[in-house]
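The values are calculated or read from the model by the stated rules, or taken from the named source; none is laboratory data. The structure displayed is predicted, hence computed values, not measured ones. For neighbour counting, all protein chains shown are included, and Cβ atoms are generated from backbone atoms with ideal geometry for every residue, glycine included. Side chains included, ligands, DNA and RNA excluded: accessible areas come from the protein's heavy atoms. Shrake-Rupley method; radii C 1.70, N 1.55, O 1.52, S 1.80 Å.
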2 protein chains.
Amino acid sequence: MKEIERKFLLTKMPEIVLKSTICIRQGYISKSRDSVEIRLRQKGDAFFMTFKRGQGLVRDEAEIRINESDFHHLWPLTQDRQVEKQRSKAILENGLTAEIDEFSGALKGLFLCEVEFGDEAQARDFVPPQWFGPDVTEDSRYKNKSLAENGMP
Amino acid sequence: MKEIERKFLLTKMPEIVLKSTICIRQGYISKSRDSVEIRLRQKGDAFFMTFKRGQGLVRDEAEIRINESDFHHLWPLTQDRQVEKQRSKAILENGLTAEIDEFSGALKGLFLCEVEFGDEAQARDFVPPQWFGPDVTEDSRYKNKSLAENGMP
């Protein structure tokens, strides 16, 4: 299923009530020119490996859960292609949910916020709250994979 | 640890007593030019995923066991880069063990035999039995990865 999302820069964490916060770190075993993208991800105390191949309509994607010990065994393979962030959720005035990622490590100071919509019209008509920064939905430098490999835009 | 092995072609299965036979299938999620090699392997009823990066001395390698369901979930990602074989072991006259792989599918008719040695002198001095064919130790076309991607040499 295609997700309809918009992504925004924030200049700092908003002063609103946040619900649920989780630590995420992810690293890429593959490099950007490889035929397949392999991501390792820790989300709280759950561990995943995700495979993506292709683009657009012919996109193969598969995910498996792995255990903590295997995660630590494989994590060094992602060296130099890692991001760590704290993810919080905020409910916006219109009832939509914003996922706010506060990055750490080499990306300290970067805040990204994603809002998911039910359809394209809703995404297009969305009026960002004042505390949102520039829309970077189409800016590939802000993809996690790019941030992991190339650092701060 | 470095394995000291020699690899030979066979023209058919030898008429000697074989001990233990196991079905192996393996496929490569990565393609040959990728920065990392990712191999899925079923060996009997055990399932593995192996990662290799680099060559020679700076070689990273890691393996994890996966469950059968995850194996089947990921196996389609290896499409067009798969080999299936039956592995048997034979004890040679000098007490050495030969691993004999009989390939099936697109590689039907191919038999490869590997002998592992304790040191390089033993490997060099080894006199192959008469039923061994040409030494293909240095022929990269007979690597499993190459057989999987390029087929019969």
### Query
Residue check, A:Ser69 against (1) more than 14 Å from chain B (Cβ to nearest Cβ); (2) within 30 Å of B:Pro76 (Cβ to Cβ); (3) small (Gly, Ala, Ser), all met but one. Which one?
(1)
#### Entry: Matching option when the condition is of a type in the set (Asp, Glu) and in contact with a helix residue (DSSP H, G or I) (Cβ under 8 Å, 6 or more places away or on another chain), among B:Asp80, B:Asp70, B:Asp101, B:Asp119
B:Asp80
### Message
Among the listed residues B:Arg53, B:Arg59, B:Arg41, B:Arg81, identify the single one that is open to solvent by less than 30 Å² (accessible area, probe 1.4 Å) and within 26 Å of A:Phe71 (Cβ to Cβ).
### Response
B:Arg81
### Task
Answer yes or no as to whether A:Ser104 is at pLDDT 95 or above, within 26 Å of B:Gly54 (Cβ to Cβ) and polar (S, T, N, Q).
no
### Query
So which residues in segment A:10-31 are open to solvent by 70 Å² or more (accessible area, probe 1.4 Å), at pLDDT below 90 and not β-branched (Val, Ile, Thr)?
A:Lys12, A:Glu15, A:Lys19, A:Ser20
### Matching residues in segment A:14-44 - criterion: being polar (S, T, N, Q), more than 20 Å from A:Ala106 (Cβ to Cβ) and more than 14 Å from chain B (Cβ to nearest Cβ)
A:Ser20, A:Thr21
### Query
Residues in segment A:110-121 that are in contact (Cβ under 8 Å) with a residue 24 or more places away in the chain and over 13 Å from the mean Cα position of the chain (by Cα): how many?
4
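Residues checked against (1) more than 14 Å from chain A (Cβ to nearest Cβ); (2) open to solvent by 20 Å² or more (accessible area, probe 1.4 Å):
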{"residue": "B:Trp75", "(1), (2)": "no, yes"}
{"residue": "B:Arg87", "(1), (2)": "yes, yes"}
{"residue": "B:Leu107", "(1), (2)": "yes, no"}
{"residue": "B:Glu116", "(1), (2)": "yes, yes"}
{"residue": "B:Ser140", "(1), (2)": "yes, yes"}
### Task
Residues being of a type in the set (Gly, Ala, Ser) and away from every other protein chain (no Cβ under 12 Å): count how many of those fall in segment A:45-66.
2
